[in-house]
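Structure record follows, encoded as structure tokens.
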Amino acid sequence: MKLSQLFTKTLREAPADEEAINAKLLIRGGFVFKNSAGVYSFLPLGWRVLNKVADIIRGEMNAIGGQELFMPALIEKKYMEPTGRWDLDVGYFAKPKNEKEAEFVLGWSHEEVLTTIATKFIGSYKDLPFSAYQIQTKFRHEPRAKSGLLRGREFMMKDLYSFHTIQDDLDKYYIEVKNAYHKIFERCGLKAIYTLAAGGVFTDKFTHEFQVLSDVGEDIIYICDKCGYAENKEITKRKNRDKCPKCSSKISEKKAIEVGNIFNNGTKYSEALGLEFTDEKGNKKPVVMGAYGIGLSRLMATAVEVHHDDKGIIWPENIAPFKAQLIALDQQQIINGERQIKKEADKIYEELTKKGIEVLYDDRDNKAPGEKFADADLIGCPIRLVVSKKTFAQDSVELKHRNKKELELIKLSEIIKSI
Ligand code: ATP
Ligand code: MG
């Protein structure tokens, strides 16, 4: 993509009403636009990042048998009433102008919708287990929407639901999801800590959060200094603990961001909505269910909180909007009657693109070198390539990694190899 064509621009200042680093940098870099408190548009650069996160998640969900689907954002009252979740304060209600009562809530979680769908297809133990997921916008009434994309009123979530005949089978799948989650966060450049959490419907035994350490995190977790066991504050308080329950070592208090969580819902939803199956002996039983969430937009914001410096974002390799930002300097220079440096930069851009390397090409004529460098640092692609009078004279380009200081001169013929 050519920067001269990109309709968004970087900004020198973030809006005064944004406190969070993630929002400041994402807005300044032209990744997102703040429409309202807690409501953001994903601009072309930001949408690329979000889609990279989505693709990583898809790959890992498909690998554990998750079947992707897409459910409505408008959820009718009849779905939520049986579980007692219709009236909860978390919802935004979609109220038609001429009707007194809202009959729809904007989806903030989809257990009821998918469980109801499943009642039409699941009847026998032979139909189980299965799991299905979607990647979709969720809407939640979040009074404290002030952490940028960490806490939106509207945000992107992956929600997976699994359906089993017995708890034992759910427990096994739970571990598969746990492992898949670790792969997802690692591929996205984040170290997530598997943390025991309260809030399970029937038991706290199998409810966990994935927490990324960060001072801007709204959660407090306790981690064992020795064995790494972690639990959230609610559990530590409830159990009145002052040392690790596994190895009795000292535990440390840390702030963290919850990027994902996994729940054992037991038969809460299946019983309320009549999702039953017939077992081998002909007995009818409620289906045992698990639910597993990841906030994609929160994950993206977390990556920014964890990976940035005073100049801008330092994207983890796999979720960067582009692998490299190519900067052309001295473009106007005429050599032997031609704009040869510009021609050279165009050629490099085309060759890299042809080879499938994603490049953001700063071909803008009206920008000073300092501005181009500042923009590359702000946007945060892993590699910066510069073509200039100096590099042209040496048949080379200058390469710099966003997270390193050193500059290297690379021969034109070696670029692909070096990247
Ligand atoms: P929190 O305790 O932070 O409010 P939650 O327990 O309500 O999170 P879930 O309902 O389980 O979260 O949602 C699954 C995932 O969706 C969370 O782990 C988080 O990554 C993300 N998420 C939840 N609420 C928001 C929000 N308001 N904005 C962005 N992401 C969110
Ligand atoms: Mg919440």
* Select, from Lys250, Lys268, the only residue that is in contact with a strand residue (DSSP E or B) (Cβ under 7 Å, 6 or more places away or on another chain), away from ligand 1 (no atom under 13 Å from the Cβ) and open to solvent by 40 Å² or more (accessible area, probe 1.4 Å). => Lys250
* Asked: Does the range 278-332 hold any residues that are in contact with an Asp or Glu (Cβ under 6 Å, 6 or more places away or on another chain), of a type in the set (D, E, K, R) and closer than 30 Å to Leu385 by Cα, and which are they?
  -> Lys311, Lys323
* To do: Return the total of residues in the range 391-419 being surrounded by 14 or more Cβ atoms within 10 Å (Cβ to Cβ) and over 23 Å from Glu317 (Cα atoms).
  => 3
* Asked: Is there any pair linking a residue in the range 306-332 that is without any contact (Cβ under 8 Å) to a residue 24 or more places away in the chain to one that is open to solvent by 10 Å² or more (accessible area, probe 1.4 Å) and part of a strand (DSSP E or B), with Cβ under 9 Å and at least six apart or on different chains, and which?
  -> none
* Asked: Is it true that some residue in the range 152-174 is within 16 Å of the chain's Cα centre (by Cα), among the hydroxyl-bearing types (Ser, Thr, Tyr) and open to solvent by less than 30 Å² (accessible area, probe 1.4 Å)?
  -> no
* **Checklist (1) in contact with a strand residue (DSSP E or B) (Cβ under 6 Å, 6 or more places away or on another chain); (2) among the aromatic types (Phe, Trp, Tyr); (3) surrounded by fewer than 20 Cβ atoms within 10 Å (Cβ to Cβ) applied to Tyr133, failing item** => (3)
* To do: Return the residue satisfying two criteria in turn: it lies in the range 111-134 and is in contact with a helix residue (DSSP H, G or I) (Cβ under 8 Å, 6 or more places away or on another chain) and among the charged types (D, E, K, R), and of such residues it is nearest to Asp159 (Cα to Cα).
  => Glu111
* Structure fact -> Considering residues that are at pLDDT below 95 and open to solvent by less than 10 Å² (accessible area, probe 1.4 Å), the number found within the range 206-215 is 1
* Leading residue by the ranking (modelled with the highest pLDDT) among those in the range 175-200 that are open to solvent by 40 Å² or more (accessible area, probe 1.4 Å) and more than 20 Å from the chain's Cα centre (by Cα) -> Ile175
* **Filter result (away from ligand 2 (no atom under 16 Å from the Cβ) and either out of contact with any Phe, Trp or Tyr (no Cβ under 7 Å at 6 or more places or on another chain) or acidic (Asp, Glu) (or both)) within the range 105-121** => Glu112, Ile117, Thr119, Lys120, Phe121
* Quick one: what pairs do we get from the range 371-391, first residue assigned by TED's automatic domain parsing to the domain that holds Leu409, second part of a helix (DSSP H, G or I) and hydrophobic (A, V, I, L, M, F, W, C), C-beta under 6 Å, 6+ apart or different chains? -> Arg384/Ala376; Val387/Ala345
* Run Thr203 past the list (1) in contact with a helix residue (DSSP H, G or I) (Cβ under 8 Å, 6 or more places away or on another chain); (2) surrounded by fewer than 16 Cβ atoms within 10 Å (Cβ to Cβ); (3) modelled with pLDDT under 95 and report the number of the one that doesn't hold. => (1)
* Taking Glu111 as meeting all but one of (1) more than 29 Å from Ser36 (Cβ to Cβ); (2) within 15 Å of ligand 1 (Cβ to nearest atom), write down the number of the exception. => (1)
* Asked: Does Lys138 satisfy being within 16 Å of ligand 2 (Cβ to nearest atom), basic (Lys, Arg) and either touching a helix residue (DSSP H, G or I) at 6+ places or on another chain (Cβ under 8 Å) or assigned to a helix (DSSP H, G or I) (or both)?
  -> no
* **Answer residue from the range 256-279, given it is among the hydroxyl-bearing types (Ser, Thr, Tyr) and not in a strand (DSSP E or B) and is farthest from Ile221 (Cα to Cα) among those** => Ser270
* Any hit, the range 260-269, residues being of a type outside the set (A, V, I, L, M, F, W, C), within 16 Å of ligand 2 (Cβ to nearest atom) and modelled with pLDDT of 95 or more -> yes
* Taking the range 43-81, which residues are without any contact (Cβ under 8 Å) to a residue 12 or more places away in the chain and closer than 20 Å to Phe155 by Cβ? -> Trp47, Asn51, Asp55
* To do: Answer with yes or no whether Lys97 is more than 16 Å from ligand 2 (Cβ to nearest atom), more than 20 Å from Asp169 (Cα to Cα) and open to solvent by 20 Å² or more (accessible area, probe 1.4 Å).
  => yes
* Out of curiosity, is Leu326 surrounded by 13 or more Cβ atoms within 10 Å (Cβ to Cβ), modelled with pLDDT of 95 or more and touching a helix residue (DSSP H, G or I) at 6+ places or on another chain (Cβ under 9 Å)? -> yes
* To do: Can you give me the ranges of the helices (runs of 4 or more DSSP H) entirely in the range 2-81 with at least 2 residues that are surrounded by fewer than 18 Cβ atoms within 10 Å (Cβ to Cβ) and either among the hydrophobic types (A, V, I, L, M, F, W, C) or at negative phi (or both)?
  => 44-63, 77-80
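The values are calculated or read from the model by the stated rules, or taken from the named source; none is laboratory data. This structure is a prediction, so every number in the text was calculated from the model and none was measured. Quick reminder, even Gly has a Cβ in these numbers, built from the backbone with ideal geometry, and neighbours come from all protein chains shown. Accessible surface is based on the protein model in full, side chains and every heavy atom, while ligands, DNA and RNA are left aside. Shrake-Rupley method; radii C 1.70, N 1.55, O 1.52, S 1.80 Å.
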